[in-house]
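Encoded as C-alpha cells, the structure appears first; notes follow it.
The values are calculated or read from the model by the stated rules, or taken from the named source; none is laboratory data. Fair warning: this is a prediction, and the values are worked out from it, not measured in the lab. Cβ coordinates were reconstructed from backbone atoms using ideal geometry, including for glycine residues, and neighbour counts include every protein chain displayed. Remember, those area values only see protein heavy atoms, side chains included, never the ligands or the DNA or RNA. Shrake-Rupley method; radii C 1.70, N 1.55, O 1.52, S 1.80 Å.
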Amino acid sequence: MPSSPSSAEQEGRVVSGHGRHVVVEGSAGQRILCHSRGKKSECVVGDRVRWLPSTDEGVIEAILPRQSLLYRQDAWKTKAFAANIDQLLVVVAAEPVFSESQLARALIAAAAAAIPARIVLNKHDLPTFAAAKARLAPYAAIGVDVIGVALKKDAEDATVRLAPLLAGKTTLVLGPSGAGKSTLVNLMVVDAAAQVGDISTALHTGRHTTTATHWYWIDRALHSALIDSPGFQEFGLRHIAPNELATLMPDLARYSGACRFYNCTHVHEPGCAVLAALERGEIAATRYRIYREILAELQPS
Ligand SMILES: Nc1nc2c(ncn2[C@@H]2O[C@H](COP(=O)(O)OP(=O)(O)OP(=O)(O)O)[C@@H](O)[C@H]2O)c(=O)[nH]1
Ligand SMILES: [Mg+2]
Ligand SMILES: [Zn+2]
C-alpha cells in the first residue's frame, strides 16, 4: 500500500552518537533516538537530518547537505568528527605533554576542510606551561591564535576570553585526552550535565574520559554551540593529496610557489625554496619534520 511518509517527516539535528544510532534534537527541542536505514545514511554529530517518528523512536530519512565536515582518514578507516561546524578549537595542555604532530595534523585537516582553527593552551597554573607555550611558537608565528588559559584554575579569565570567540558559532573542541576539553565545555555551558541528561553518558568532566561526541547549546537562544569529543591519539590525513600537503601548512606554503619545479616535493629537489627557507631558519625544523612524516604516509611505497 503506497504511503506518503514525507508528510510526517521532521527536521532535526544530530546531537550525539554516530553511525546508525544517533540522538536527534527535533525542532521543538525534544530528543529522540533515531536509527538510519542503511550504510549510505551514516550521520555524525552536527548533521541536519530529516527523520520520521516511529513509536517512541525515529528513523533517519535523509541527511541534509553539509556545510562542512571535519574528518580524519587512517590507513583503514574514515573517522568523521563533526559536520556543519564554523570553527575548531584544538585544546592542548602543559600536561600531559602533547604531540605536536597530532596538533599539526588537526590544523591541516581543518585547513583542508576550510574550517578556521585556534589553539587553546590549558593549565597556565602548571610550571611546565612556559615550555609548552614555547613549543607553540611556530604556530603563533604563522598566525594561529594561541589562547593560554587555566580552564579550571582561572575559570573567570578563561570565560572572559573564550566567550566572545564562541558567540554565534558552532565550535568543535578537539584535542588529546586530559587536555581539558570537557572542562572547557562545562565552563561555557552552564547546564551541560542537564543537556546530556540520561540519554547519553558523554560528559564526565574532571574525573573521567569522554567516550562520545556530544553537542551542547551555550545560550538559550540556541545561536552558539560547542561540540565535545573524545581525545584522539591518531590523526591520519590520507584524504590529502601529497602535492596538496605543503599548501595546507602556511609556513611552507609561503615559499612553495618559488620552487624551481612546479611539482617540487620539497625533499631533495635543486632550487627548492622550502629547503632554502628551512636552511635559513625561516621554517621551524619541527614543522618541516612533521611535513616529511606526513608526506611519507601519503606517498605510495
Ligand atoms: N592544573 C590544571 N588542571 C586542569 C585545568 N583544567 C582542567 N584540568 C584537569 O585536567 C584533567 C582533564 O580534564 P578534562 O576536561 O576531563 O580533559 P578532556 O580533554 O576532556 O579529556 P578526555 O575526555 O579524556 O579526552 C582533569 O583532571 C581536570 O581537572 C587547569 O586549568 N589546571
Ligand atoms: Mg572529555
Ligand atoms: Zn620545494
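Taking into account only those residues within the stretch 256-275 that are near ligand 3 (Cβ under 6 Å from one of its atoms) and closer than 15 Å to A241 by Cα, which is surrounded by the fewest Cβ atoms within 10 Å (Cβ to Cβ)? The residue in question is C264.
Keeping to the stretch 15-66, report how many residues are touching a residue at least 60 places away in the same chain (Cβ under 8 Å), on the phi < 0 side of the Ramachandran plot and not basic (K, R).
Just the residues of the stretch 15-66 that are touching a residue at least 60 places away in the same chain (Cβ under 8 Å), to begin with: 15-18, 23, 25, 31, 33, 44-46.
When the remaining residues are screened for being on the phi < 0 side of the Ramachandran plot, the result is 15-16, 18, 23, 25, 31, 33, 44-45.
If we keep only those that are not basic (K, R) too, we end up with 15-16, 18, 23, 25, 33, 44-45.
Counting residues in the stretch 15-66 that are touching a residue at least 60 places away in the same chain (Cβ under 8 Å), on the phi < 0 side of the Ramachandran plot and not basic (K, R) gives 8.
For the stretch 78-94, the condition holds for no residue, the condition being that it is charged (D, E, K, R) and under 29 Å from L126 (Cβ atoms).
Considering the conditions (1) over 14 Å from G236 (Cα atoms); (2) in contact with a Ser or Thr (Cβ under 9 Å, 6 or more places away or on another chain); (3) open to solvent by 10 Å² or more (accessible area, probe 1.4 Å), D56 is excluded by exactly one of them, (2). Looking at the stretch 228-241, is at least one residue part of a helix (DSSP H, G or I), under 30 Å from L298 (Cα atoms), open to solvent by less than 70 Å² (accessible area, probe 1.4 Å) and not aromatic (F, W, Y)? No, the stretch 228-241 contains no residue that is part of a helix (DSSP H, G or I), under 30 Å from L298 (Cα atoms), open to solvent by less than 70 Å² (accessible area, probe 1.4 Å) and not aromatic (F, W, Y).
Need at least 2 residues that are within 18 Å of I240 (Cβ to Cβ) and at pLDDT 95 or above per element, so show me which strands (runs of 3 or more DSSP E) inside the stretch 1-116 make the cut, counting only ones lying wholly within it. Let's see the steps before the verdict.
On the way: elements: 10-18, 21-26, 31-36, 48-54, 57-63, 69-73, 78-83, 87-93.
Where strands (runs of 3 or more DSSP E) fall fully within the stretch 1-116 and carry at least 2 residues being within 18 Å of I240 (Cβ to Cβ) and at pLDDT 95 or above, they are 69-73, 87-93.
In the stretch 154-177, the residues that are among the basic types (K, R) and open to solvent by 50 Å² or more (accessible area, probe 1.4 Å) form Cβ pairs under 8 Å with partners that are modelled with pLDDT of 95 or more and within 13 Å of ligand 1 (Cβ to nearest atom), at six or more places apart or across chains, as follows: R161/I147; R161/V149.
Evaluating V146 against the criteria (1) open to solvent by 60 Å² or more (accessible area, probe 1.4 Å); (2) within 22 Å of D228 (Cβ to Cβ) leaves one unmet condition, (1). List the pairs whose first member sits in the stretch 124-135 and is under 17 Å from A158 (Cα atoms), whose second member is open to solvent by 70 Å² or more (accessible area, probe 1.4 Å) and within 16 Å of ligand 2 (Cβ to nearest atom), and whose Cβ atoms are under 9 Å apart, counting only residues at least 6 apart or on separate chains? Here the result reads D125/K152; L126/E95; F129/E95, each pair linking the stretch 124-135 to a residue that is open to solvent by 70 Å² or more (accessible area, probe 1.4 Å) and within 16 Å of ligand 2 (Cβ to nearest atom).
Within the group L278, L252, L245, which residue is of a type in the set (A, V, I, L, M), open to solvent by 30 Å² or more (accessible area, probe 1.4 Å), within 22 Å of G143 (Cα to Cα) and assigned to a helix (DSSP H, G or I)?
Numbers: L252 fails: open to solvent by 30 Å² or more (accessible area, probe 1.4 Å); L245 fails: open to solvent by 30 Å² or more (accessible area, probe 1.4 Å).
One residue alone meets the criteria, L278.
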